[in-house]
Amino acid sequence: MRDTRKTSPTLMKTLAGKDLRKLGLLVLAVLVLLDLAVAHHGYFGIDGTFGFAAWFGALSCFALILLALAVGSILRAPEGTYDD
Amino acid sequence: MTTSLFFSPATALLAGALALLFTTGIARKAVLLAFPLLALVLVWQVPTGSVTANYLGYALIPIRADDLALLFGAVFALAAFLGTLYALDRSSTLELTSALVYAAGALGVVYAGDWITLFVWWEVMAIASTIIVVCGGEKAHGPAFRYALIHFLGGVLLMAGIAGEIAMSGSATITSLKPDSWARWLILAGLLVNVGAPPFWAWVSDAYPASSWSGMVFLSVFTTKTAVYVLMRAFPGVEVLVWVGLVMAIYGIVYAALENDIRRLLAFAIVSQMGIKVAGVGIGTPLALNGVAAHSAAAVIYTALLVMVAGSVLRQTGKTRLNELSGLADAMPLTAFACMIGALAIAAFPLTSGFVSKSMIIEAAAKEHLAGAWILLMAVSAGAVLHAGLRLPWLLFFGAPKERLHVSDPPQAMRIAMALAAVLCVVVGIVPDGLYVLLPHPVAYVPYTASHILVQIQLLAFAALVVYLMRDWLQPQRGITLDLDWLYRRLGAWIARGFDDITDRGWTRLVSNLNGKAARLHELLLAYHGPTGTFGRTWPTGTMAFWTTFLLGAFLLIAAMG
């Protein structure tokens, strides 16, 4: 049976709202700008630079998703694959 | 030599398992709660030092207590308590008895000071945990059988290694080893099977999700964590572990990101988290080992919490597939909240237990200037958002409801267990010193610096942004992702079937060949010796007389000529 509770907004719908998206972007921007105020003492040089953790987090997550999609395109199989 | 076996925390759990067989109703519930609590108290009463005993000429150390044993003993006893509290309504006495024996086995391993004692408890764990998987129902029989095979294989590797080690070194005492002999490699291999390392890691995602809603809580706690504990004791600083661990960490994330079943997703997340710890053992510095110990303790609780959440969803809805579940936050608010706490902890968000523990391992890699390991540890740290850190709670609780499910939060005992675990995740995160005093090495690490906090929040926030932007590609799809178990579930079966065919055909040909030869021999014998054969038939007397005369004549002729 489909959900008929049209009047009860779920958190996802709320989070998908434009205002909250703007707020999210603002939070992300503030997080990066905080690097101007916080001194990082990196061990490798690059890890002490401005916005490192931000771009690194995004890039590594993107790379892992691509890897997952590549693995999935080769190795996904139906649920009953081993049933026989 | 100041303690006795009677006060071993493992014995308390074995006594609990025995008591469970003879109790029902309220008494049964009291046993389920009291004996793990008793074990937790006894952990604190085991004095530092060791108890020795001689058996068959071997110097055994059934109990060897130190800071590391205290930490793991306390966490395992606590997890056993949370597990039995969560499973208070579970009717299967077999599962719960096995769970207490399983926990006793884990505590036995923690306090074992020699390889022989360790091996005995190790196998107790293997048998008890297999029974827990079996208790998942008929669909669990196949996974349980494979689980048993893999763990008995691991046990054989471990036993062979232990035998070789004792033969070569003459000592059964567990000490820090370098893998410089075949025996030590075998011990290492046996331990790696249990930790969920390649090539046998698929047992985690095969067996755990097949267990019951309560069984997986116990399973998620003991086997992998005891294995990493023994790795810390026996193989700290072995470099190959860094790379084995990182492969596990990446594999877990990739497979969890593709997974549709919430309990399989958590199984992959467990392997990923174990990978970080194995890598930490490989780094092997005091900071890294402190990090592994702290992260193990934290992971026991937050993993148990997330598995409890998944168990609650399974019990309340009867479903575990993400493509059939979403938007459960309205119906199960407390479960959703517990999931969020577990998610934040597994993602190592500040103010949770994951943050104050995982960051030590990453910092240790940086301090040792292991650039490759550090980059990958940072990447998998961000990648936690792809499994239980964000993908699971988001899809399970906060999507639009797919169908109207008349469900609610689980019964009271389960709710209390989840609440306690969630509180522990946060309390340890806020007051990490309570955990740090139990670590094996002196702690000079300060987790809450502005830099640490900001780096971790940036890492997770921007990883979450990418997940949000790519959400369409991360939608749950029905199906499974083929894993290395394909080698023994498919390829192995094909080879076995092929071998069977070949031997079958060979045998048939051999038998028909022999049959043919036997038939021909029979015909031959029949021809000469049968009723009508030359040698078998009755000859007339005249013929005999003729031939006798003929032979005598021939004889006389030859004699005369000579």
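The values are calculated or read from the model by the stated rules, or taken from the named source; none is laboratory data. Not measured: the values here are computed from a predicted model. Here the Cβ is made from the backbone with ideal geometry for all residues, glycine too, and neighbour counts use every protein chain on show.
Identify, by number, the condition in (1) under 21 Å from B:GLY389 (Cα atoms); (2) within 11 Å of another protein chain (Cβ to nearest Cβ) that B:LEU482 doesn't meet.
Looking at each condition in turn, B:LEU482 falls short on (1).
Return the residue satisfying two criteria in turn: it lies in the range B:452-470 and is surrounded by fewer than 23 Cβ atoms within 10 Å (Cβ to Cβ) and in contact with a Pro (Cβ under 7 Å, 6 or more places away or on another chain), and of such residues it is farthest from B:VAL254 (Cα to Cα).
Only one residue fits best here, namely B:ILE453.
Under the condition of being of a type in the set (A, V, I, L, M, F, W, C) and in a loop (DSSP other than H, G, I, E, B), which residue from the range B:512-562 is modelled with the lowest pLDDT?
Among residues in the range B:512-562 that are of a type in the set (A, V, I, L, M, F, W, C) and in a loop (DSSP other than H, G, I, E, B), the one modelled with the lowest pLDDT is B:TRP539.
Conditions (1) farther than 21 Å from B:TRP115 by Cα; (2) in contact (Cβ under 8 Å) with a residue 12 or more places away in the chain; (3) hydrophobic (A, V, I, L, M, F, W, C), marked per residue:
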| residue | (1), (2), (3) |
| --- | --- |
| B:ALA27 | yes, no, yes |
| B:VAL31 | yes, yes, yes |
| B:ALA34 | yes, yes, yes |
| B:ALA65 | no, yes, yes |
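Would you mind stating whether B:VAL385 is in a helix (DSSP H, G or I), crowded, with 20+ Cβ neighbours inside 10 Å and facing chain A (nearest Cβ under 8 Å)?
Judged against the criteria, B:VAL385 is a match.
Might you let me know whether the range B:47-69 holds any residue that is out of contact with any Pro (no Cβ under 8 Å at 6 or more places or on another chain) and under 23 Å from B:SER220 (Cα atoms)?
yes
Mind telling me which of the residues B:LEU487, B:LEU459, B:LEU465 ends up being more than 9 Å from chain A (Cβ to nearest Cβ) and either at pLDDT below 90 or in a helix (DSSP H, G or I) (or both)?
B:LEU487
Under 6 Å between Cβ atoms, which residue pairs at least 6 apart in sequence (or on different chains) link something in the range A:69-80 that is facing chain B (nearest Cβ under 8 Å) with a partner that is of a type in the set (S, T, N, Q) and outside any loop (DSSP other than H, G, I, E, B)?
A:LEU75/B:THR481; A:ARG76/B:THR481
Return a yes/no flag: does the range B:289-306 have any residue that is over 23 Å from B:VAL431 (Cβ atoms) and in contact with a helix residue (DSSP H, G or I) (Cβ under 7 Å, 6 or more places away or on another chain).
Scanning the range B:289-306, I find no residue that is over 23 Å from B:VAL431 (Cβ atoms) and in contact with a helix residue (DSSP H, G or I) (Cβ under 7 Å, 6 or more places away or on another chain), so the answer is no.
Looking at the range B:104-112, is at least one residue buried (at least 24 other Cβ atoms within 10 Å of the Cβ) and in a loop (DSSP other than H, G, I, E, B)?
Among the residues of the range B:104-112, at least one is buried (at least 24 other Cβ atoms within 10 Å of the Cβ) and in a loop (DSSP other than H, G, I, E, B), which makes the answer yes.
Working only within the range A:28-54, note down all residues that are without any contact (Cβ under 8 Å) to a residue 12 or more places away in the chain, more than 23 Å from B:ALA364 (Cβ to Cβ) and more than 7 Å from every other protein chain (Cβ to nearest Cβ).
Of everything in the range A:28-54, those that are without any contact (Cβ under 8 Å) to a residue 12 or more places away in the chain, more than 23 Å from B:ALA364 (Cβ to Cβ) and more than 7 Å from every other protein chain (Cβ to nearest Cβ) turn out to be A:ALA29, A:VAL30, A:LEU33, A:ALA37.
Among the residues of the range B:351-363, what is the count of those that are away from chain A (no Cβ under 11 Å) and either at pLDDT below 95 or not in a loop (DSSP other than H, G, I, E, B) (or both)?
The total comes to 9.
Against the condition small (Gly, Ala, Ser), facing another protein chain (nearest Cβ under 7 Å), under 26 Å from B:VAL247 (Cβ atoms) and assigned to a helix (DSSP H, G or I), how does A:SER60 come out, does it pass?
Yes, satisfied.
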